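Read through the structure below, which is laid out as structure tokens, and then see the notes.
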Amino acid sequence: MLELLRILVDEVNERSHLTPLLHKTISVQLIADEEQAILQIEDGVLRIYEDERNAANVFIMGKKQVMEAIITGNLKLRKAIAAQEVDWQGSLRTALLLESLFRLAIPNYIEKRPKAFK
């Protein structure tokens with residue numbers, strides 16, 4: 001999960017057309033099995049922290065496989081919440097924002113990978 005989050009951060013920050021989505025300050029704690037990280041949107045930049053130095057105001061917790069499917073855009077966050085595949089604490093607006101970032105950034109990275117990695 002951590003590697004996918006690093007890719008997500010790089011992809012989102014490289015795409016200027018995604019910058020308008022990063023205007024709000026949000027800290028999201030993601031927990032998957034034994035891994036955890038905090039995604040922070042602040043000042044138009046997406047960052048990842050692997051420690052708990054920043055207090056999160058949104059929480060997503062689930063099994064690693066489900067979390068990775070959400071991060072890669074293969075599973076919609078709202079669908080996972082509705083199916084109770086993840087524990088979610090946050091607003092619908094934040095869920096929509098995160099879902100947009102997940103679906104717009106990672107699929108583009110996957111398309112650019114060499115065929116040996118697909």
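Could you list all residues from segment 82-95 that are of a type in the set (A, V, I, L, M) and within 14 Å of the chain's Cα centre (by Cα)? Spell out the reasoning first.
Applying the first criterion (of a type in the set (A, V, I, L, M)) to segment 82-95 yields 82-83, 86, 92, 95.
Within segment 82-95, VAL86, ALA95 meet the criteria.
Here VAL66 clears all of (1) at pLDDT below 95; (2) surrounded by 16 or more Cβ atoms within 10 Å (Cβ to Cβ) except the condition numbered (1).
Any residue at all in segment 17-33 that's in contact with an Asp or Glu (Cβ under 7 Å, 6 or more places away or on another chain), of a type in the set (Ser, Thr, Tyr) and either loosely packed, with under 13 Cβ neighbours inside 10 Å or not in a helix (DSSP H, G or I) (or both)?
Of the residues in segment 17-33, the ones in contact with an Asp or Glu (Cβ under 7 Å, 6 or more places away or on another chain) are 25.
Adding the requirement that they be of a type in the set (Ser, Thr, Tyr) leaves 25.
Cutting the leftovers down to either loosely packed, with under 13 Cβ neighbours inside 10 Å or not in a helix (DSSP H, G or I) (or both) gives us 25.
Yes, segment 17-33 contains at least one residue that is in contact with an Asp or Glu (Cβ under 7 Å, 6 or more places away or on another chain), of a type in the set (Ser, Thr, Tyr) and either loosely packed, with under 13 Cβ neighbours inside 10 Å or not in a helix (DSSP H, G or I) (or both).
The values are calculated or read from the model by the stated rules, or taken from the named source; none is laboratory data. Please read these numbers as outputs of a predicted model, since none were measured by experiment. Virtual Cβ from ideal backbone geometry, glycine too; neighbours counted across all protein chains shown.
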